[in-house]
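Working notes, beginning with the structure itself.
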Amino acid sequence: MNFRTRLTFVAALMMALAFPGRAAAHPMGNFSINHYSGVQVARDQIEIRYIIDMAEIPTFQAIRESGIVPRVADASLSSYMSRESRLLREGLDLRINGRRLTLQELDHQIIFPPGAGGLPTMKMGFRFIAKAPISTIGNKIDYRDDNFPEHAGWKEIIAVAQPGIEIATSSVSAQDRSAELSTYPTDLLNSPPQTLAAQLTFRPTVAGTRSTAMTGGGSGAPRPAVALHANVQGTPRNAFTQLIETQRSDVLFLLIATLIAATLGGFHALEPGHGKTLVAAYLVGSHGTARHAVLLGAVVTGSHTISVYVLGIITLYTSQWIVPERLYPWLGIFSGLLVAGLGFTLFMQRFVSKKAPNSSAGQHQREHTHDRGSHKHIHENDSSAFVHHHTWWGGHLNDVHAYSDRKSQGHEHEELIHMHSYSHVDGHPRHHPEAITGKGISLKSLFALGVTGGIVPCPAALVVLLGALAIHRVAFGLFLIVAFSIGLASVLIGFGLAMVYARRLVSRFRTRGPLTERWLPLASSAVITVIGATITIQSLISAGIIRAGL
Amino acid sequence: VIATPRSAFFLLIATLLAVVLMICSAAQTAETSSATASAASVEKLDRDITLLQKILKRRPDAELYYRLGDLYIQKGRQTGDISYFQLSESALRQSLTLEPRLAQAHRHLAFVLYSLHDFTGAASEAKTSIKLDSSDSYAYGVLGDVQLETGRYECAAGSYSQMVSIRGDLYSYSRLSGLETIRNHNARAITDLKRAIADGLAASEPPEGIAWAQERLAEDYFLLGDMPDAEATAQAALQTYPNYHRALAILGQVKAAQGRLKESASLYKHAIAIIPLPEYASVLGDVYQRMGRNGDAQNMRDLVAFIARLNALNRVVYNRTLVDYYADHDLHHRNAVVMAAAEYRVRRDIYGADARAWTLYRNGDAAHALAYINSALRFHTTDARLYFHAGMIKLALGHKRAARTDLERALKINPHFQPLLDEVAAQSLVALGGKPPSEYAQASGVTP
């Protein structure tokens with residue numbers, strides 16, 4: 001496998017990891033080659049608008065065989081399109097009154113709409129014409145498309161007449177069902193047409209009289225040059241990955257791209273279960289100041305950016321030995337262990353502390369100085385957090401069973417940290433005055449938490465990096481990732497600041513009770529431990545380290 | 001009156017030429033008429049689909065939806081395009097919404113689900129169909145197919161027995177032959193397939209259905225190492241249904257085994273142009289490699305890898321072709337083990353056990369592989385690949401005598417069962433002090 005192919009594979013894979021369940025194939029299937037011929041009869045010529053839409057696999061084959069770069073306006077496409085134009089014309093048999101006509105190309109276009117997992121598909125459009133001296137009566141056209149014989153796909157021919165021509169009989173419709181292969185209505189009663197031949201008879205009308213096709217309501221007006229469009233039912237795309245494919249490079253575009261990337265990074269941090277945000281909220285809300293929030297955001301940004309670069313490089317250069325999708329289980333194992341460790345530590349601390357739930361403030365302060373992660377006072381928000389656990393837990397565990405997607409597992413880990421943080425956000429201000437001042441925060445612990453928060457890279461960012469490498473826009477890709485990470489960090493900082501400033505407000509609503517103070521915190525940490533262990537075991541199974549039976 | 005010997009000579013030559021021309025012409029006519037018949041069949045199918053769609057748009061009807069589902073199945077089988085099976089499923093479900101007790105619709109739905117590898121759903125629908133109409137042989141047939149694919153051979157035998165007792169035709173005899181091949185009843189399997197083909201022709205069944213049985217017969221001949229019959233039957237399938245991708249592929253396999261690599265490559269290329277299945281690309285890669293066309297071989301392997309990625313994106317669970325490809329080419333061991341294990345949880349047929357064994361062996365775990373390969377060979381199926389795998393696993397475990405027996409058996413069954421790996425088998429056998437068949441030694445240059 002060559003470098004570029006490997007890049008494409010890896011980018012596709014990462015795309016799938018980034019958007020599980022949304023990767024959609026070409027609407028006509030991964031291996032289809034779809035044909036469209038729009039036959040337009042004029043007084044002195046016949047025009048064929050000929051479009052070929054190749055799904056992912058034939059596109060891959062075409063790219064490999066021809067060596068083209070799947071990028072609009074790439075230099076390699078010029079000679080390729082000339083060759084394809086000639087070969088495709090050879091496969092089209094157009095006859096008028098039994099005499100075969102020679103087709104000439106007027107213009108062409110090629111695009112590479114993304115298919116499953118962002119892998120390229122290829123759509124080529126041509127306008128062919130043939131000079132056709134017609135008689136006043138009894139003109140007959142026979143048209144046959146012999147290209148890609150037997151290959152599955154949508155095969156559509158339509159026939160329309162230009163002003164001055166009247167189609168008397170036609171074996172094909174004038175109705176364009178697929179809008180030139182840009183939408184494929186494949187419902188139960190609209191299976192793909194399989195029309196590769198057409199016969200029609202026509203006659204000239206009185207000069208200047210406008211005529212339309214015999215069937216349907218096709219327009220007889222001359223049509224402009226081919227203008228191809230991606231399939232309407234194409235794969236749902238991510239705006240971030242689309243940015244990388246844009247050809248512009250002016251300052252305005254870069255500015256817009258940066259803003260979009262940063263915004264998307266921010267939204268990514270806000271996605272449900274994105275624990276990076278809540279790691280920050282936890283730390284800052286519990287102990288930190290605005291300064292700590294900013295610092296933490298910077299650390300997360302740095303570690304996230306670096307981890308994207310490192311994982312990208314590892315994925316690229318070790319794909320000979322490591323199947324890329326096997327990397328994510330390891331991250332899952334790491335996440336699972338982290339969660340389990342965190343849960344277990346909390347559990348032990350709470351177990352020990354529950355023996356003295358109402359100890360003095362001085363005692364709390366003493367304990368807290370021993371361990372910043374130790375929290376002895378859980379209030380009413382713990383209760384709500386615990387309910388939240390149950391709701392979330394059921395849903396996500398089902399997801400894990402349905403998909404062995406490593407990214408989901410990573411997020412579960414982060415969600416758990418997030419839940420844990422909610423259960424402590426308002427617990428400390430009253431009992432730990434040093435947390436308000438921020439004196440208890442060590443740079444070392446803040447740095448460690450920041451790195452932990454950012455070390456599992458977002459697959460979306462990884463896709464952009466690999467996609468950029470694949471299409472030789474490395475610098476742009478790297479730049480976008482930085483912007484993405486900055487956006488992500490901004491939200492983290494925002495959350496942290498919100499937590500810092502909302503602390504006093506939230507603390508007004510506390511209530512106390514043995515359930516919230518003793519058992520719920522204990523159960524909460526036990527659940528975290530169990531789920532962490534579950535994630536770890538599932539990841540171990542996925543990685544093939546543990547065998548689940550024969 | 002013949003005037004001179006020279007005149008007589010020219011007359012003889014002319015007569016011979018005329019005969020040759022007549023034969024050629026007849027052959028061409030037969031081929032053309034066959035191609036025309038096949039094209040007509042395809043056109044009729046498309047026409048019927050369009051007609052039913054038009055009627056159903058005006059007037060929904062359970063029976064017509066069932067018939068549309070049937071036509072979509074035929075189209076799916078013709079083209080290999082899975083989306084037609086999905087359309088068929090929708091049509092059949094629509095039919096059952098209108099008439100929940102329509103037994104044929106349940107039976108067809110069972111077949112569609114089976115084709116989409118939903119074995120549980122398929123078995124359930126087949127049983128419902130049997131409950132509604134116990135005289136339907138096809139429902140027993142589909143149930144038997146599900147049981148065969150999931151390794152429940154005794155149950156499959158029972159279902160097929162019911163099927164044949166109700167009705168013997170193209171579909172029932174060809175199904176039964178599959179079980180017989182696995183159970184090593186090769187003569188019976190071949191007789192049944194021949195009977196299926198004859199019945200299909202007599203009943204004017206769709207050409208694709210007959211060609212499918214012919215291709216199966218060619219495969220059986222190939223498994224037995226009978227290359228002339230395999231070739232003739234594959235050619236017959238192409239006569240029945242020109243450009244049938246499965247027939248092109250088996251013919252390519254036969255040519256590769258015969259050492260006619262260029263022809264083999266051309267046939268596989270043709271098959272891939274129709275439908276780029278990974279199994280075709282995998283073998284074509286091996287053929288290219290054997291021809292010394294390493295760049296082309298790499299292209300084909302990249303194509304397989306690409307399809308593997310697409311399958312991953314599409315969350316395809318059943319990946320036996322890719323598992324075999326990985327194991328055959330010594331790639332992605334751990335991934336192959338995981339994929340084979342995932343599939344084996346549902347499909348415990350002999351080839352599922354073989355895939356488990358072969359991937360475990362490649363992953364360095366011959367000890368665990370042994371039980372699986374023994375399970376795969378529990379019927380002593382005449383398949384050189386199975387014996388080759390068994391031989392290699394036993395060799396890795398140091399069971400040299402058993403390994404030698406298995407490798408000898410593999411090469412005796414079919415000296416060229418698979419491009420590249422047949423050489424591995426021969427070399428391993430030589431290393432064990434065995435002697436590969438003389439046919440093999442001549443063809444590939446491996447000497448004892």
If you find the alpha carbon centre of segment B:34-105 and of segment B:150-187, how far apart are they in angstrom?
-> 27
A:Asn190-B:Ala232 pseudo-label distance in nm [points 7 Å out on the Cα-to-Cβ vector] = 5.1
Most fluctuating residue given options B:Lys75, B:Lys394, B:Lys262, as computed from a GNM of chain B linking Cα atoms under 10 Å = B:Lys262
Long-range HN-HN contacts of A:Thr183 with modeled amide H, under 5 Å = A:Val232
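Let me know the Kirkwood hydrodynamic radius for segment B:239-372, please, with Cα pairs as the basis and the value in Å to one decimal. Kindly include the intermediate steps, with their values, before the conclusion.
Working: mean 1/r = 0.0642 Å⁻¹.
Mean inverse Cα-Cα distance, inverted, gives 15.6 Å.
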On average, how many beta carbons from a partner chain sit within 10 Å of the beta carbon of a residue in B:383-392?
-> 0
Sorted largest first, the C-alpha extents of segment B:335-415 along its principal axes in whole angstrom are 32, 24, 19
In nanometres, what is the gap between the two model label sites at A:Ala227 and A:Ser82, each 7 Å from Cα along Cα-to-Cβ?
-> 2.8
Cα coordinate range in chain B, projected on the principal axes (Å, largest first) | 84, 71, 43
Could you order peptides B:426-436, B:86-96 by the average number of other Cβ atoms within 10 Å of their residues, highest first?
-> B:86-96, B:426-436
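To the nearest µm²/s, what D does Stokes-Einstein give for segment A:51-98 at 4 °C and 1.567 mPa s, using the Kirkwood radius over alpha carbon pairs as Rh? Numbers along the way, then the final one.
On the way: Rh = 12.3 Å.
Rounded to a whole number, D works out at 105 µm²/s.
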At B:Ala431 and A:Phe447, where each label point lies 7 Å from the Cα along Cα→Cβ, what is the point-to-point distance in nanometres?
-> 5.3
Can you sort B:Val142, A:Val172, B:Val304 so the residue with the fewest Cβ neighbours within 10 Å comes first?
-> A:Val172, B:Val304, B:Val142
Any idea what the relative contact order of chain B is, in percent, if you count C-alpha pairs under 8 Å spaced at least 6 apart?
-> 9
Please find the FRET efficiency linking B:Arg378 to B:Met291, where r is the Cβ-Cβ separation and R0 is fixed at 35 Å, and quote it to the nearest 0.05.
-> 0.40
From phi via Karplus (6.51, -1.76, 1.60), per-residue ³J(HN,Hα) for segment A:166-177 in Hz, x at Gly/Pro | 10, 7, 7, 9, 8, 7, 10, 7, 9, 8, 8, 7
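How much length would be gained if the chain were fully extended between A:Val530 and A:Glu65, taking 0.36 nm per residue of separation minus their Cα-Cα distance, in nm to one decimal? If you can, show how the numbers build up before the last one.
Values: separation 465, 0.36 × 465 = 167.40 nm, distance 5.20 nm.
Result for the pair: 162.2 nm of gain on full extension.
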Entries of B:Lys400/B:Lys435; B:Lys194/B:Lys412; A:Lys123/A:Lys155; A:Lys140/B:Lys44; B:Lys194/B:Lys255 with Cα pairs more than 19 Å apart | B:Lys194/B:Lys412; A:Lys140/B:Lys44; B:Lys194/B:Lys255
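Sort B:Glu180, B:Glu43 so the one with the fewest other Cβ atoms within 10 Å of its own Cβ comes first.
On the way: B:Glu180 20, B:Glu43 13.
Placing the least packed residue first, the sequence is B:Glu43, B:Glu180.
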3J(HN,Hα) from dihedral phi, segment B:358-366, Karplus parametrisation 6.51/-1.76/1.60, rounded to Hz, x for glycine, proline = 5, 6, 5, 4, 5, 8, x, 10, 5
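Take B:Arg183, A:Arg127 and order them by how many other Cβ atoms sit within 10 Å, fewest up front. Walk me through the numbers on the way to the answer.
Details: B:Arg183 18, A:Arg127 21.
By the 10 Å Cβ count, ascending, the order reads B:Arg183, A:Arg127.
Estimate the FRET efficiency between B:Ile55 and B:Arg93 by the formula 1/(1 + (r/R0)^6), using the beta-carbon distance for r and 25 Å for R0, to the nearest 0.05.
Values: r = 18 Å, r/R0 = 0.74.
Efficiency, from the Cβ-Cβ distance: 0.85.
Subtract the Cα-Cα distance of A:Ala298 and A:Phe479 from 0.36 nm times their separation in residues, and report this length gain in nm to one decimal.
Working: separation 181, 0.36 × 181 = 65.16 nm, distance 1.64 nm.
Net length gain for the segment: 63.5 nm.
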Under 18 Å from a label point 7 Å along Cα→Cβ of B:Ile166: give me every residue in segment B:89-104 with its amide N that close.
-> B:101-104
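Taken together, the values in this text are just the output of simple stated rules run on the coordinates, not laboratory data. Values in this document were obtained by computation on a predicted structure and should not be read as measured data. Every residue, glycine among them, receives a Cβ derived from its backbone with ideal geometry; neighbour counts consider all protein chains shown.
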